[in-house]
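What follows draws every value from the coordinates through simple rules; no lab data is involved. Everything quoted here is computed from the prediction, not taken from an experiment. As a convention, Cβ positions derive from the backbone with ideal geometry for all residues, glycine included, and neighbour counts pool all protein chains shown.
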Amino acid sequence: SLSKVIAIDGPSGSGKSTIAKKLAESLNVLYIDTGAMFRALAYSCDQRNIPLRAGSEMDDFLSEINLEYGKSQDFLIGIDGENLTKKIREHNVSKLASIISQIPQVREFLLNYQRELASRVVCVMEGRDIGTVVFPNAFCKFFVTASVEVRSKRRLNQLNEAGDSDLSLEQIMMDVKKRDESDMNREVAPLKMAEDADLVDTSDMELLDVLNSLKSSVEDRA
Ligand code: C5P
């Protein structure tokens, strides 16, 4: 049977987070940001000096922590009671998240966590492998993308807004390409479009126009 998940996958800076968040809001369903989970685990390992590789330290970490998602408006994600919602947005955490996301036991842990979280509700879940691995039977799947340049400009704007802005566009374009490369080529659950997903290219579209088109295709299928 089809699962009540609206899966939104795509590379960073494609606009998928904005779209997913607003889509969830306008459909009045739960918004689940799986990137935030990888970021929180990466941040926390870094803090605790746990190496970002497979092994018993990682196993122990995963079995001991209490990962909390969506406790409230200001508490999107936390570990062991610490609110990490803001901290996980720092630029260096993106890199750590991309590294930790290659570890099979980390993906396994979050796969179970994500399935459990979505088991009782309708939700919009965004990530890299939601339509391919986590919920291959999602009733709606979108693959949201945009050119590297457009995505890098959006990323730069976000960093500027957060006051974290000593990076040039060129620097960011390099980081974005590097991250795409490793997300698309990793062994476990690489970033790729599900065969039955709708492709959405946001390079030349306003995000709000994209939102409206997704919303009507969800409603057509509901
Ligand atoms: O979406 P966001 O940029 O916050 O994700 C951070 C990193 O987490 C990504 O670069 C990717 O390596 C990883 N990720 C993943 N699978 C997901 C979500 C995020 O591998 N479903």
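Any residue at all in region 126-134 that is away from the ligand (no atom under 11 Å from the Cβ) and either free of Cβ contacts under 8 Å to residues at least 24 places away in the same chain or not in a helix (DSSP H, G or I) (or both)?
No, every residue in region 126-134 fails to be away from the ligand (no atom under 11 Å from the Cβ) and either free of Cβ contacts under 8 Å to residues at least 24 places away in the same chain or not in a helix (DSSP H, G or I) (or both).
For region 60-79, a residue qualifies if it is assigned to a helix (DSSP H, G or I) and of a type outside the set (Phe, Trp, Tyr), and the qualifying residues are 60, 62, 63, 64. Taking the residues in region 80-92 that are outside any loop (DSSP other than H, G, I, E, B) and more than 11 Å from residue 35 (Cα to Cα) as candidates, determine which candidate is farthest from the ligand (Cβ to nearest atom). Only one residue tops the list, namely 82.
Of the residues making up region 94-104, those that are buried (at least 19 other Cβ atoms within 10 Å of the Cβ) and assigned to a helix (DSSP H, G or I) are 94, 96, 97, 98, 100. For region 77-110, filtering for residues that are aliphatic (A, V, I, L, M) and out of contact with any helix residue (DSSP H, G or I) (no Cβ under 6 Å at 6 or more places or on another chain) leaves 2. Among the residues of region 135-151, those identified as touching a residue at least 60 places away in the same chain (Cβ under 8 Å) and touching a Lys or Arg at 6+ places or on another chain (Cβ under 9 Å) are 135, 138, 139, 140, 142, 143, 144, 145, 146. Kindly establish whether residue 172 is buried (at least 17 other Cβ atoms within 10 Å of the Cβ), more than 18 Å from the chain's Cα centre (by Cα), within 15 Å of the ligand (Cβ to nearest atom) and part of a helix (DSSP H, G or I). For residue 172, the condition - buried (at least 17 other Cβ atoms within 10 Å of the Cβ), more than 18 Å from the chain's Cα centre (by Cα), within 15 Å of the ligand (Cβ to nearest atom) and part of a helix (DSSP H, G or I) - is met. Quick check, is residue 149 surrounded by fewer than 16 Cβ atoms within 10 Å (Cβ to Cβ), within 14 Å of the ligand (Cβ to nearest atom) and among the acidic types (Asp, Glu)? Taking the combined requirement at face value, the residue does not satisfy it.
Selection of region 22-59 for residues being away from the ligand (no atom under 12 Å from the Cβ), part of a helix (DSSP H, G or I) and under 30 Å from residue 140 (Cβ atoms) yields 22, 23, 24, 25, 26, 27. Pairing each residue of region 33-50 that is free of Cβ contacts under 8 Å to residues at least 12 places away in the same chain with any residue that is acidic (Asp, Glu) and surrounded by fewer than 24 Cβ atoms within 10 Å (Cβ to Cβ), provided the two are 6+ apart or on different chains, yields C-beta distances under 7 Å for 50/57.
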